[in-house]
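Take a look at the structure set out below.
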Amino acid sequence: MMYSIKMRASQHAEHISGAETICRKEEIESTLQKFMRKGFFHENGEPDFMNFKVEQITKPLITLEALQIIGNQTQSATLASQGCGISVQALTEAWKYIQNEVNYRGAVIIDAASGKRLDDTNDRGIRVTNFMMDQSASNGLNERVQDALAIATCINAYPGVAGELCVSDDLNYTTGYFASQAKGYCRLYQVKEVGSRNGGRVIFVEEAIDLNNYRRFLEQEPKCIVSKN
Ligand code: COA
C-alpha cells in the first residue's frame, strides 16, 4: 500500500513552500519530519500555517521516464525551444505571464502556435500533483532540481504538449528551465534578477489537446518518475 504525503506552508495566507511524494507506510513518519523541516526553514519566510496531508493511493502508479537534464551550456529559451513547434509569438506571450505581477498558483496553459491562453483558471493556474521520484531518478540531484525535473517530466509526458517554460518565484533562485519531450530539460541560467519573486510556469500545447483529460492526468493520476537508464 502506498501513501501520498503533502505539505504546504504559508505566511499571512501567502504560499511559502510545498512538498510532496508518494511512499510506503513505514516511510510516512520520516517523510513528514523531512517536510516539516523544509516548511519551517525557507528563504521566502517563516510560516504561520502548515498543513500536512496523508492519503492512501488507490490507483496504480503511472511510470514516467525522467527527462534528460541538459545543463552545461548557456542556453536561452528561444534556443532551447527551437524545433518544438512553438511560435515566437507564443514564447513572447509566455514571458509576459512569467514576468507580470500575478503569482499564479500553478501553470498557465497556452496555444503553442498563437500564444492564446487555453485554461480557464485565471490567477490560479493548473498544478501538477500526486507524484514521486524514484531514487534511480533523483540520485545526485538537489531537492529543488528533483522537484522541478519531476514536474517537468509529468507536464511533458502527455501527447500534444510542445514544451514548458519555468522561472522559480523563490527570491534568490535565478536558474529556470525550458523542458520538452523532444529536447529534454534545458537549464536556463540567470534568467531573472536576484531578489525578485516574479516567476511562473507556462505550458505550450497543440490546440487539439483534450485539456480536461490533460488536467486530470496532471492533478489526479499518481505518477512515479524513474531514471531512463
Ligand atoms: N503554489 C502556490 N499556492 C499553492 C500551491 C503552490 N504550489 N499549492 C497549494 N497552494 C495553496 C493555494 O492557495 C491552494 O488553493 P487553490 O487550489 O485555490 O490554488 C491551497 O494552497 C490549497 O491547495 P491544495 O492543492 O489543496 O494543497 P495540498 O494540501 O493538496 O498540497 C502541495 C499541495 C502544496 C503539496 C502541492 O501544490 C505542491 O506544491 N507540491 C510540490 C511541487 C510543486 O511545486 N507543485 C506545483 C507544480 S505547478
- Message: Suppose we keep only residues that are surrounded by 13 or more Cβ atoms within 10 Å (Cβ to Cβ) and over 20 Å from the mean Cα position of the chain (by Cα) within segment 56-81. Which one would you say is nearest to N130 (Cα to Cα)?
- Response: I57
- Restricting attention to segment 85-103, which residues are polar (S, T, N, Q), in contact (Cβ under 8 Å) with a residue 24 or more places away in the chain and exposed (fewer than 13 other Cβ atoms within 10 Å of the Cβ)? N100
- What about N51, is it within 19 Å of the chain's Cα centre (by Cα), within 15 Å of the ligand (Cβ to nearest atom) and of a type in the set (S, T, N, Q)? no
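Have a look at L211, L149 and point out the one that is modelled with pLDDT of 95 or more and surrounded by fewer than 18 Cβ atoms within 10 Å (Cβ to Cβ). Walk me through it before giving the result.
Working: L149 fails: surrounded by fewer than 18 Cβ atoms within 10 Å (Cβ to Cβ).
That would be L211, the only listed residue that is modelled with pLDDT of 95 or more and surrounded by fewer than 18 Cβ atoms within 10 Å (Cβ to Cβ).
Yes/no matrix, rows are residues, columns are (1) touching a Gly at 6+ places or on another chain (Cβ under 9 Å); (2) of a type in the set (K, R); (3) at pLDDT 95 or above:
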| residue | (1), (2), (3) |
| --- | --- |
| V54 | no, no, yes |
| L61 | no, no, yes |
| N103 | yes, no, no |
| L118 | no, no, yes |
| T121 | yes, no, yes |
- Across (1) within 16 Å of the ligand (Cβ to nearest atom); (2) at pLDDT 95 or above, S180 clears everything bar (1)
- Item | Top-ranked residue in segment 170-208 [being among the small types (G, A, S) and assigned to a strand (DSSP E or B); ranked as surrounded by the most Cβ atoms within 10 Å (Cβ to Cβ)] | A179
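The values are calculated or read from the model by the stated rules, or taken from the named source; none is laboratory data. A quick note: this is a predicted structure, and the numbers were derived from the prediction, not measured. So basically every Cβ, Gly included, is an ideal-geometry build from the backbone, and we count neighbours across all protein chains shown.
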